[in-house]
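Chemist: Just dropping this structure here.
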Amino acid sequence: MTEDKTEDFRLRPIINASYPATLAALSLAVIEITGVIGISRYILGSGALTFTICAFTFFFYSIYPKHSVRAQYLWSLTAILFIIGLVFTLLAVLLLLFFVS
């Protein structure tokens, strides 16, 4: 029983960080596969960078005790970065739809 808790404690930060990191990888894959040029490339790249930073903040949030001030700061930063990354991705998709078609 204690082995499961320690294993969960060690794996949970990695699992949490993998969610926004997957979105960053998908943004970079779209850049590579479509060969998009111009402003859409920079917006997708900014979204990928934002999701990567979000993954790091989510990882460190999972390490700190939940009631500390740093954990609250990291949680707020994670949420803000995730929303910014989603906005970048949505904007890039809209630009690709309007300018490619």
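The values are calculated or read from the model by the stated rules, or taken from the named source; none is laboratory data. Because the structure is a prediction, the values reported are computed rather than measured. Here the Cβ positions follow ideal geometry from the backbone for every residue, glycine too, while neighbour counts run over all protein chains shown.
Chemist: Let me confirm something: among 27, 68, which residue is out of contact with any strand residue (DSSP E or B) (no Cβ under 6 Å at 6 or more places or on another chain) and over 27 Å from residue 95 (Cβ atoms)? Step through it out loud before you land on a result.
Modeler: Numbers: 27 fails: over 27 Å from residue 95 (Cβ atoms).
On inspection, the qualifying residue turns out to be 68.
Chemist: Select from the stretch 31-55 the residues that are part of a helix (DSSP H, G or I), free of Cβ contacts under 8 Å to residues at least 40 places away in the same chain and not aromatic (Phe, Trp, Tyr) and list them in ascending order. Give the derivation first.
Modeler: Looking only at the stretch 31-55, we keep the residues that are part of a helix (DSSP H, G or I), and these are 31-34, 39-55.
Narrowing the set further to residues that are free of Cβ contacts under 8 Å to residues at least 40 places away in the same chain leaves 31-33, 41-42, 45, 48-55.
31, 32, 33, 41, 45, 48, 49, 50, 52, 53, 54, 55 - these are the residues of the stretch 31-55 that are part of a helix (DSSP H, G or I), free of Cβ contacts under 8 Å to residues at least 40 places away in the same chain and not aromatic (Phe, Trp, Tyr).
Chemist: Condition (residue is within 21 Å of residue 11 (Cβ to Cβ), surrounded by fewer than 17 Cβ atoms within 10 Å (Cβ to Cβ) and among the small types (Gly, Ala, Ser)) applied to the stretch 70-84: is it met by at least one residue?
Modeler: yes
Chemist: Can you go through 88, 51, 82 and tell me which one is over 11 Å from the mean Cα position of the chain (by Cα) and at pLDDT 95 or above?
Modeler: Working: 51 fails: over 11 Å from the mean Cα position of the chain (by Cα); 82 fails: over 11 Å from the mean Cα position of the chain (by Cα).
Within the list 88, 51, 82, the selection yields 88.
Chemist: Got at least one residue in the stretch 3-12 being in contact with a helix residue (DSSP H, G or I) (Cβ under 7 Å, 6 or more places away or on another chain), surrounded by 15 or more Cβ atoms within 10 Å (Cβ to Cβ) and not β-branched (Val, Ile, Thr)? Break it down into steps so the answer makes sense when it comes.
Modeler: Kept after step one, since they are in contact with a helix residue (DSSP H, G or I) (Cβ under 7 Å, 6 or more places away or on another chain), are these residues of the stretch 3-12: 12.
Those left that are additionally surrounded by 15 or more Cβ atoms within 10 Å (Cβ to Cβ): none.
The answer is no, given that none of the residues of the stretch 3-12 is in contact with a helix residue (DSSP H, G or I) (Cβ under 7 Å, 6 or more places away or on another chain), surrounded by 15 or more Cβ atoms within 10 Å (Cβ to Cβ) and not β-branched (Val, Ile, Thr).
Chemist: Across the stretch 58-72, what is the number of residues that are farther than 17 Å from residue 17 by Cβ and either assigned to a helix (DSSP H, G or I) or out of contact with any helix residue (DSSP H, G or I) (no Cβ under 7 Å at 6 or more places or on another chain) (or both)?
Modeler: Within the stretch 58-72, the subset farther than 17 Å from residue 17 by Cβ is 65, 67-69, 72.
If we keep only those that are either assigned to a helix (DSSP H, G or I) or out of contact with any helix residue (DSSP H, G or I) (no Cβ under 7 Å at 6 or more places or on another chain) (or both) as well, we get 67-69, 72.
Counting residues in the stretch 58-72 that are farther than 17 Å from residue 17 by Cβ and either assigned to a helix (DSSP H, G or I) or out of contact with any helix residue (DSSP H, G or I) (no Cβ under 7 Å at 6 or more places or on another chain) (or both) gives 4.
Chemist: When both residues are 6+ apart or on different chains and their Cβ atoms are under 8 Å apart, which pairs have a first residue that lies in the stretch 67-93 and is touching a residue at least 24 places away in the same chain (Cβ under 8 Å), and a second that is not in a helix (DSSP H, G or I)?
Modeler: none
Chemist: Let me ask you something else. Among the residues of the stretch 20-45, how many are surrounded by 16 or more Cβ atoms within 10 Å (Cβ to Cβ) and of a type in the set (A, V, I, L, M)?
Modeler: Counting residues in the stretch 20-45 that are surrounded by 16 or more Cβ atoms within 10 Å (Cβ to Cβ) and of a type in the set (A, V, I, L, M) gives 9.
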